[in-house]
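The values are calculated or read from the model by the stated rules, or taken from the named source; none is laboratory data. As the structure is a prediction and not an experimental result, all values here were calculated from the model. Here the Cβ positions follow ideal geometry from the backbone for every residue, glycine too, while neighbour counts run over all protein chains shown. With ligands, DNA and RNA removed, areas are computed over all heavy atoms of the protein, side chains included. Shrake-Rupley method; radii C 1.70, N 1.55, O 1.52, S 1.80 Å.
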Amino acid sequence: MISIHDERIQKYLTPYKYTRPVLTGSGIKGAFDEQAVDIPFVFWHDGLYHMLYTGFDGTGYQSALAVSDDLLNWKHKGMVLTRDLDSGRWDGIGGAATWMIKESDSLWDIPKLKKVDGKYWLVYHSYPGMGYEDGPAQIGLAWCEDEELLDWHRLDEPVFSWKDGEEWEAGGLYKACVIEHEGLWYMFYNAKNREARWTEQTGLATSRDLLHWERCRENPVLRVTEGAWDERFVSDPYVVRDGDMWINFYFGLGPGHAQEGLALSTDLIHWEKADSPILTHGKPGELDCTHAHKPSMLYADGRLYHFYCGTRPWQEGDPAKIYQEFRTLCVASDQPFTQGEHMHRETLKNVTFEEG
């Protein structure tokens, strides 16, 4: 274990939280994000910051893009993965997009998308049943040649499944991230077991072609710690590099709250976890007083941004509600936000996209 006070990890800490949500569910009946938004992934493309995110409407997840010019105020751009119940496909209920393949895995490089075989690629997972995360999910890939990033084509079958996995992942697969290192693709993925009060841990698989994956023999490579703050979940990996060190930002769940954690590795297989959360849940009434989880990191203009999903009990006036909870997208930083930044302003006034 690494002490939360260890000097090696101080530059990765983001204790200053923006007091407003950066993106919320719409609350609009029938909209893809009627009840909630979730799972941010932030990058730079075509002159604007983009956020890949999912929405929940009571039936399942669908995924979209939002854009921003300041990383604080975001506007919906368009849908990425939608529902097609009549297709008969394994992912017809919809997909939760979690990651796009990037040019660089360095934490200190602005995330930009990388083409592989002339295409952009995203990673998603899909559940077999209607409702909230109903049944064991599998992982798929989709590709796009459109520079607007709105015309995505899903592969016909999952590229990674719980069906040929081990007991610790037999309950289904969640968020995955994919990086390339020395000619090999590494996919870190979150999976759960079949217990009623299940455990989630992080596994690793490798591939030469993005299509055929081999599980690491030492799976799960990032495990829960009995009696610790992450004793039930070690989930939603976001793996980046800092020189010769690999950093895994993840979320852990213990008694009552999900919070953000961190682990370090020199070989992508053996990881040393910080002994305490690096981003804790908030105080009563704050946006993340129940959970602060599902990280996406971006360094820009000398500041480290930590995007995540925050939840708290629903309050009168909140735009969306899922199971009496307000689930929204938030951001924290390694530097305080100024008073002006905390005040909402309208941006992207001259940019028009489809309505979500």
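Consider a paramagnetic label point 7 Å from the Cα of Ile4 along Cα→Cβ; state which residues of segment 210-245 have an amide N under 18 Å from it. Taking a point 7 Å out along Cα→Cβ of Ile4, the residues of segment 210-245 whose backbone N falls under 18 Å are 225-235. For segment 128-240, the Kirkwood radius over C-alpha pairs fed into Stokes-Einstein at 37 °C and 0.692 mPa s yields D = 217 µm² per second.
Every Cα-Cα pair of segment 242-322 was included, and the share exceeding 22 Å stands at 36 percent. Largest mean-square fluctuation among Asn219, Asn190, Asn248, in a Gaussian network model of the chain whose springs join Cα atoms under 10 Å apart, belongs to Asn219. For the peptides 228-234, 102-108, residues were scored by their other Cβ atoms within 10 Å and the scores averaged per peptide; the highest-first order is 228-234, 102-108.
Expressed as a fraction of 2.2 N^0.38 Å, the C-alpha radius of gyration for segment 1-57 is 1.62.
Distance between the 7 Å Cα→Cβ label points at Glu182 and Leu155: 2.4 nm. Counted over all Cα-Cα pairs of the chain, pairs farther apart than 25 Å make up 49 percent. Annotation: peptides 192-202, 259-269, ranked by per-residue average of other Cβ atoms within 10 Å with the highest first, follow the order 259-269, 192-202. Take the Cβ atoms of Asp244 and Val116, set R0 to 25 Å, and the FRET efficiency comes out at 0.50.
Within segment 1-148, the ratio Rg/Rh, alpha carbon atoms throughout and Rh by Kirkwood, equals 1.01.
A Cβ-based charge dipole, computed about the Cα centre of the chain with Lys and Arg at +1 and Asp and Glu at -1, lands at about 540 debye. Extending 7 Å from the Cα toward the beta-carbon at both Asp146 and Thr225 defines two label points whose distance is 4.5 nm. So how much accessible area does Cys216 have, in Å² to the nearest 10, using a 1.4 Å probe? Around 20 Å² of this residue is reachable by solvent. Between His50, His270, His76, which gets the highest mean-square fluctuation from a Gaussian network model of the chain, Cα cutoff 10 Å? Comparing His50, His270, His76 in the GNM, the peak value goes to His270.
Shown here is the pair-distance distribution of segment 95-191: with all Cα-Cα distances grouped in 5 Å bins from zero up to the longest one, the shares run 3, 12, 21, 23, 18, 12, 8, 2, 0 percent.
Pairs over the 24 Å Cα-Cα cut-off, from the set Lys102/Lys321; Lys114/Lys175; Lys294/Lys321; Lys102/Lys175; Lys77/Lys175: Lys102/Lys321.
Taking every protein chain into account, the 1.4 Å probe leaves Phe326 with about 10 Å² of accessible area, to the nearest ten. Of the residues Leu81, Ser207, Ala320, the one whose Cα sits farthest towards the positive end of the charge dipole of the chain is Ala320 (charges of +1 on Lys and Arg Cβ, -1 on Asp and Glu Cβ, taken about the Cα centre).
About the centre of its Cα atoms, segment 124-275 shows a dipole size close to 540 debye [charges on the beta carbon of Lys, Arg (+1) and Asp, Glu (-1) only; nearest 20 debye].
Note on segment 177-247: Rg/Rh from C-alpha atoms, Kirkwood Rh, equals 1.02.
For the pair Glu218 and Thr19 in one chain, pulling the backbone fully straight at 0.36 nm per residue adds 67.6 nm over the alpha carbon distance.
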